[in-house]
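**Student:** Take a look at the following structure, please.
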Amino acid sequence: MERLTVVIFVLVVSSICSTFGQTCEGNCGKQLDSCSCHSTCTSLSSCCADYKEFCVDIFPYSGSIFGGTDFVILDASFNESSNIVCRFNNDTNTLGYVDENGQGHCISPLLYQTGWVPLHISSDNGTTFSQVGAWLSVHTGKLDSKFKATLDNSTKWQYYGTPNVGGTLEMAWNTSLVRAERVNIELWGYRETGEPYSEHWQAEWEYLYSLAKDHPNDGSFSFLPKPAENGFSSWELGAIRVSSSANPDGMRNVHAVWTEDHALAWHLEQKFRDDSAVWALDKCLAWDQLENQLPNFLSEIIDCPCTLAQARADTGRFHTDYGCDIEKGSVCTYHPGSVHCVRAIQASPKYAAGQQCCYDSTGAQVLTADSIGGSTPDRAHDWGSPPYRTPPRVPGESHWVYDVLSFYYCCLWSDNCHYYFKHRPSSDCRRYQSPSSAVVFGDPHFITFDGVSYSFNGKGEYSLVTSADKHLTIQGRTEPVNDMIKATKLSAVAMREAASDVVEVRLLSGHNSLQVLLNQKALSFTEQSWMDLDGVFVFSPTSTNVTVMFPSGAGVEVRLREGTMATTVLLPEGFKDSTLGLLGKLNGDAKDDLILSNGQLVQNNSDPQELFNFGASWAISNTSALFTYDSTYLLETYYHAHRHDASFVPVFSVPENPDDPLYNQVSEICSGQGSQFCRYDILVGRNLSLGNATRLSYQSHISLVDDLKRVISCGWLSPPTNGKKEGTTYLQGAKVRLSCDDGFSLQGSSVRTCQENGQWFGEETTCVVPNNLPGIVAGSVIGAITIIVMITTIVLHSRKQKRKVCAASAPEEGMSSEAF
């Protein structure tokens, strides 16, 4: 019966729309007078009759930034005479087609940007573009390997021509990714031309030459590389494309599968193969000279966190570097000795530079001054940065050109890393400041940024965080646990920073997964776990885990635990003294955390009624609401009602009844700090699993706060000239032992200790040549005395002999020895 009612409703709406001539052509995203072209119309059964014809969905919805993905236009009508043209980002056209089932298809183009790209579709060969959708362009490093052609032993490809590396190269691909019986294997190259940081700085992908033509589409190809001819060896970065042999050589934007971008060692000139180290050194020196002329970007990038724990906890500003991930076995090709690296999520404001931070197995930061595997800043952020499209903001490729190829020149193809690290030194963590964290969890309980904990079980929509200075708004919606229990839980969080997209995370029906909405339209993470949105990034590796990251460094983590949303907000130092709402005033002073929306301070933090009034004061208004209302329940319960339901009065205190069958189990589950929250959720919420989840959420927050504690760093300590050091940790309490090479003596301290004030204890250490002046003087004196004694002895002996001669020749009478 209900289904019949829906069908009748749709027919009525269609009739009305037809009568009044209202159509979704040119109106996608809008609410019309008698029907809707907004994304919420499907669940509200209010769509105009032609909604799906003009406001289209596609499958798949994402693909490589290199292009070549064939996707289907869902639900739209086409016929054999339709000439489909697909326009991406309002300026790049590709040719589509209609398949044997009458479905329309588009081919994604090679783009110079990531994120959601506007899609317009024409069925009349480009005369009109009446159908509207969106395409997600994905950084090749974040694309699942099943959508890429793979290089067998990619290290061999990128070291080909260096000593002892040669032979046949092999690659493979999934044949279903290329709709053809025979294929061409093409090499495409990338470079950037024009004066850096000028309007003439341009990015360029070009077809170079074919490795094979009319090759069977059997999913594999091997060849023996030769040095490229006709000057093509000057292209040092590129990717291989596999596409139908029916296409002309180098035809752009055709159905294809691509390899990863990589260093083209295997096609470089013969000089590289003759002596790769000399060739690479020349390139390294040329890069060194170029870097000397380019502006210094190091001063504007964020400092690295001091420890691995901090780096993994600061999710608003740092994210796993997929090239060195502890969760995937720590395969750190470019950072030997490291177990995990993170990248700063946001590029620097002026030069679009990036920061990378790497850590060893002890959790200490690895610095390039100590190891080739150390953290390195990047002139171009690997993930690019808005508005993309031109250097140094082209995702992936700009980073390759300015930061990766140079690493090959100086470090991998030759042994001259000192040139590279001169321009890419690790930044230590002396200027790093951890973010502050606050959390909402359970039924629901709150811990503010300054550590005040309380419970608020109001029903409605409230402001969790508002910052006028930073233009950040985070709102929370609560709903009753069930019809029988007078307690609520968080069921949705919506947020926006400045003019960014609005992101909402909410519990799905059944409360076993989370749903993410972008500007009130549901997002699917079935194909991609990371999305670049407008002014915000979203990461959702599973349906129970969502992280939202804003340009300010603010981060919001939502975790699903036993049907409730544990929501953590992380704010960097710049938000100090600028926040209000249910998560408090961030200023390091817990006494003024709970301020009502009218500016009054809560006088008694232990009075549940006063806390309830405080929470109610932060109910949002219709004009400020960021939430999606796409069901009758949401419209009636929240949109058309008071945002704080004053008629809902929760249970304020935990009932203490020894006869309660759950009473004894509470003491087993709930203990230690935060036990009051666990007890409430079991004895009031009547749910042991919920109580246990609340306990885990509380402990997780305490661990997070501990991980984010400030760590004192004394900064890198250099070994003395003509000496060495033992120890590469420079945090409070760390000791570094210093010694001298043979033939030198140590002056100063042999052990330096990092102190609480961030200074090294001990005297500066130097290694000097031993001073032998006293020995030389003593030896000279002894030598001189010896000579004098010898001379004196000779003189005395000579005189004695003379006396003997005189005595023998004198008269015998009248002469004695005394008279002589």
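**Student:** Considering all alpha-carbon pairs of the range 124-208, what whole percent are spaced by more than 22 angstrom?
**Tutor:** Numbers: 2055 of 3570 pairs.
That tail contains 58 percent of the Cα-Cα pairs.
**Student:** A further question on this structure: Describe numerically, in nm with one decimal, the distance between label points set 7 Å from Cα along Cα→Cβ at Arg710 and at Asn657.
**Tutor:** Between Arg710 and Asn657, the simple spin-label model gives 4.9 nm.
**Student:** For Ser467, what is the net charge nearby, where nearby means another residue's Cβ is under 14 Å from its Cβ and Lys, Arg count +1, Asp, Glu -1? Present the calculation step by step, with values, prior to reporting the outcome.
**Tutor:** Values: positive: Lys470, Arg496, Lys576, Lys585; negative: Asp469, Glu497, Glu573, Asp577.
Local net charge: 0.
**Student:** Here's another thing I want to ask about it. What is the distance in Å between the Cα centroid of the range 284-310 and that of the range 523-568?
**Tutor:** The range 284-310 and the range 523-568 have Cα centres separated by 29 Å.
**Student:** Here's another thing I want to ask about it. How do the peptides 417-429, 601-613 rank, highest first, by the average count of neighbouring beta carbon atoms within 10 Å per residue?
**Tutor:** So the peptides 417-429, 601-613, ranked by packing, come out 417-429, 601-613.
**Student:** In whole Å, what is the distance between the alpha-carbon centres of the range 44-97 and the range 415-432?
**Tutor:** When both Cα centres are located, 47 Å separates them.
**Student:** Counting C-alpha atoms alone, how compact is the range 476-602: give Rg to one decimal and Dmax as a whole number, in angstrom.
**Tutor:** Answer for the range 476-602, Rg first and Dmax second: 15.9, 48 Å.
**Student:** Per DSSP helix of 4 or more residues, -39500 (n - 2.57); summed, then divided by the residues of the chain. What does that give at 222 nm, rounded to the nearest 500? If you can, show how the numbers build up before the last one.
**Tutor:** Numbers: 13 runs with 151 residues, N = 820.
After summing the helix terms and dividing by residue count, I get -5500 deg cm²/dmol.
**Student:** Please give the direction-averaged projected area of the C-alpha convex hull for the range 433-517, in square nanometres with one decimal. Working shown, then result.
**Tutor:** On the way: hull surface 27.7 nm².
Computed as one quarter of the Cα hull surface, the answer is 6.9 nm².
**Student:** Show me the ranking of peptides 566-572, 359-365 by mean Cβ neighbours inside 10 Å, starting with the highest. Please report the intermediate quantities before stating the final value.
**Tutor:** On the way: 566-572: 24.9, 359-365: 19.0.
Most protected by this proxy first, the peptides run 566-572, 359-365.
**Student:** Taking only the Cα atoms of the range 302-416, how large is their convex hull per residue, in Å³?
**Tutor:** Details: hull volume 11.7 nm³, N = 115.
Here the figure is 102 Å³ per residue.
**Student:** Suppose R0 equals 22 Å. What FRET efficiency, 1/(1 + (r/R0)^6) with r the Cβ-Cβ distance, do Ser154 and Arg252 give to the nearest 0.05? Show your work: numbers first, answer last.
**Tutor:** On the way: r = 25 Å, r/R0 = 1.15.
That gives a FRET efficiency of 0.30.
**Student:** Right, something else. Show me, for the range 492-509, the HN-Hα J-couplings you get by feeding each phi into the Karplus relation (A = 6.51, B = -1.76, C = 1.60, θ = phi - 60°), rounded to Hz, glycine and proline as x.
**Tutor:** Listing the rounded values in order: 7, 9, 10, 8, 7, 10, 6, 9, 5, 4, 8, 10, 10, 10, 9, 6, 7, 4 Hz.
**Student:** Quick check: residue separation of Asn757 and Asp483 times 0.36 nm, minus the Cα distance between them. What number comes out in nm?
**Tutor:** Between Asn757 and Asp483, full extension yields 93.0 nm more.
**Student:** Let me ask another. Would you mind checking which residues have amide H under 5 Å from Glu170's amide H? H placed 1.01 Å from N; only 5 or more apart, or other chain.
**Tutor:** Those qualifying (amide H under 5 Å, at least 5 residues apart or on another chain) are Asp152.
**Student:** What's the whole-number percent of alpha carbon pairs in the range 655-707 lying beyond 15 angstrom?
**Tutor:** Details: 550 of 1378 pairs.
I get 40 percent for the Cα pairs in the range 655-707 exceeding 15 Å.
**Student:** With a cut-off of 8 Å between alpha carbons and a minimum separation of six or more residues, what is the relative contact order of the range 708-764 in percent?
**Tutor:** In percent, rounded to a whole number, it is 31.
**Student:** Using R₀ = 56 Å, calculate the FRET efficiency as 1/(1 + (r/R₀)^6) where r is the Cβ-Cβ separation of Ser234 and Asp742; round to 0.05.
**Tutor:** Numbers: r = 48 Å, r/R0 = 0.86.
Between Ser234 and Asp742 the formula returns 0.70.
**Student:** Using 0.36 nm per residue of separation minus the Cα-Cα distance, give me the extension gain between Ser671 and Ser621 in nm, one decimal. Walk me through the numbers on the way to the answer.
**Tutor:** On the way: separation 50, 0.36 × 50 = 18.00 nm, distance 3.92 nm.
Computed gain between Ser671 and Ser621 is 14.1 nm.
**Student:** Now for a separate question. For the residue pair Ser718 and Ser529, what label-to-label distance in nm results when each label sits 7 Å from Cα along the Cα-to-beta-carbon direction?
**Tutor:** For Ser718 paired with Ser529, the spin-label model returns 4.2 nm.
**Student:** Quantify, in whole percent, the carbon and sulfur part of the accessible surface of the range 594-639 (1.4 Å probe; protein heavy atoms only). Show your work: numbers first, answer last.
**Tutor:** Working: 1120 of 2310 Å².
For the range 594-639, the apolar C and S fraction of the accessible surface comes to 48 percent.
**Student:** To continue, here is another question. Taking Cα pairs under 8 Å and at least six residues apart, what relative contact order does the chain come out at, in percent? Kindly include the intermediate steps, with their values, before the conclusion.
**Tutor:** Details: 1766 pairs, mean separation 64.1, N = 820.
Computed value for the chain: 8 percent relative contact order.
**Student:** Further question: Round to a whole angstrom and tell me the spacing of the C-alpha centers of the range 690-708 and the range 123-163.
**Tutor:** Answer, in whole Å: 40.
**Student:** Work from the charge dipole of the chain (Cβ charges, +1 for Lys and Arg, -1 for Asp and Glu, about the Cα centre) and give the residue of Gly104, Phe612, Val769 farthest towards its positive end.
**Tutor:** So the residue furthest toward the plus end is Val769.
**Student:** Using the per-residue mean of other Cβ atoms lying within 10 Å as a proxy for protection, in what order, highest first, do the peptides 689-696, 472-479 fall?
**Tutor:** Details: 689-696: 21.8, 472-479: 24.5.
Averaged packing, sorted descending, gives the order 472-479, 689-696.
**Student:** Starting from the range 153-260, pick out the GluC sites (Glu not before Pro) whose DSSP state is loop and whose Cβ has at most 11 other Cβ atoms within 10 Å.
**Tutor:** Working: sites: Glu170, Glu181, Glu186, Glu192, Glu199, Glu204, Glu206, Glu229, Glu236, Glu260; in loops: Glu181, Glu199, Glu229, Glu236, Glu260.
Here the GluC sites (Glu not before Pro) that fit, given the DSSP loop and packing criteria, are Glu199, Glu229.
**Student:** Short version: ³J(HN,Hα) in whole Hz for each residue of the range 759-767, in order, from phi by Karplus 6.51 cos²θ - 1.76 cosθ + 1.60 (θ = phi - 60°), x for Gly and Pro, what are they?
**Tutor:** 3J(HN,Hα) across the range 759-767, in whole Hz: 10, 7, 7, x, 8, 4, 9, 9, 10.
**Student:** Right, here's the next one. About its Cα centre, what dipole magnitude does the range 470-628 give when the only charges are +1 on Lys and Arg Cβ and -1 on Asp and Glu Cβ, stated in debye to the nearest 20? Let's see the in-between values first.
**Tutor:** Values: 12 positive and 17 negative charges, 44 e Å.
Using Cβ point charges on Lys, Arg, Asp and Glu, the range 470-628 gives about 220 debye.
**Student:** What Kirkwood hydrodynamic radius, in Å, does the chain give when the mean of 1/r is taken over all pairs of distinct Cα atoms and then inverted? Show your work: numbers first, answer last.
**Tutor:** Working: mean 1/r = 0.0316 Å⁻¹.
Computed over the chain, the radius equals 31.7 Å.
**Student:** Further question on the same structure: For a Förster distance of 51 Å, can you work out the FRET efficiency between the beta-carbons of Asn545 and Asp282, rounded to the nearest 0.05? Could you put the intermediate results ahead of the total?
**Tutor:** Working: r = 48 Å, r/R0 = 0.95.
Computed FRET efficiency for Asn545 and Asp282 comes out at 0.60.
**Student:** Which of Leu704, Gly581, Trp135 sits farthest toward the positive end of the charge dipole of the chain, with +1 on the Cβ of Lys and Arg and -1 on the Cβ of Asp and Glu?
**Tutor:** Toward the positive end, the furthest listed residue is Leu704.
**Student:** From the C-alpha gyration tensor of the range 235-378, pull out the three semi-axes of the equivalent ellipsoid (sqrt of 5λ each), sorted largest to smallest, in whole Å. The partial results should precede the final answer.
**Tutor:** Values: eigenvalues 204, 97, 62 Å².
After diagonalising the Cα gyration tensor, the semi-axes are 32, 22, 18 Å.
**Student:** Of all alpha-carbon pairs in the range 625-735, indicate the percentage at a distance above 19 angstrom. Intermediate values should be presented prior to the final figure.
**Tutor:** Values: 4237 of 6105 pairs.
Above the 19 Å cut-off, the range 625-735 has 69 percent of its Cα pairs.
**Student:** Assign unit charges at the C-beta atoms only (+1 for Lys and Arg, -1 for Asp and Glu), then state the dipole size of the chain relative to its Cα centre in Debye, rounded to the nearest 20.
**Tutor:** Working: 59 positive and 90 negative charges, 445 e Å.
For this selection, approximately 2140 debye.
**Student:** Summing Lys, Arg as +1 and Asp, Glu as -1, what charge do residues with Cβ under 14 Å from the Cβ of Leu281 carry, Leu281 excluded?
**Tutor:** Values: positive: Lys271, Lys283; negative: Asp274, Asp275, Asp282, Asp288, Asp415.
Neighbourhood net charge equals -3.
**Student:** Still on this structure, I have one more. In terms of the Cα gyration tensor, with a ≥ b ≥ c the square roots of its eigenvalues, is the range 164-256 rounded because a/c is under 1.5, prolate because a/b exceeds b/c, or oblate?
**Tutor:** Oblate.
**Student:** Against the longest principal axis of the chain, how steep is helix 2-20, in degrees 0 to 90 to the nearest 10, with axes from Cα atoms?
**Tutor:** That helix lies at roughly 90 degrees to the long axis.
**Student:** Label Leu74 and Lys350 with points 7 Å out from Cα along Cα→Cβ: what is the distance between them in nm?
**Tutor:** For Leu74 paired with Lys350, the spin-label model returns 4.7 nm.
**Student:** Please work out the average accessible area per residue across the chain, using the 1.4 Å probe convention, and give it in Å². Don't skip to the end; give the middle numbers.
**Tutor:** Values: 37780 Å² over 820 residues.
Using a 1.4 Å probe on heavy atoms only, each residue of the chain averages 46 Å².
**Student:** What number, in percent, do you get for the relative contact order of the range 186-231 if the mean sequence gap of Cα pairs under 8 Å and at least 6 apart is divided by its residue count?
**Tutor:** On the way: 40 pairs, mean separation 15.7, N = 46.
Over the range 186-231, the number comes to 34 percent.
The values are calculated or read from the model by the stated rules, or taken from the named source; none is laboratory data. Please read these numbers as outputs of a predicted model, since none were measured by experiment. Here Cβ is always computed from backbone atoms with ideal geometry, including for glycine, and neighbour counts include all displayed protein chains. With ligands, DNA and RNA removed, areas are computed over all heavy atoms of the protein, side chains included. Shrake-Rupley method; radii C 1.70, N 1.55, O 1.52, S 1.80 Å.
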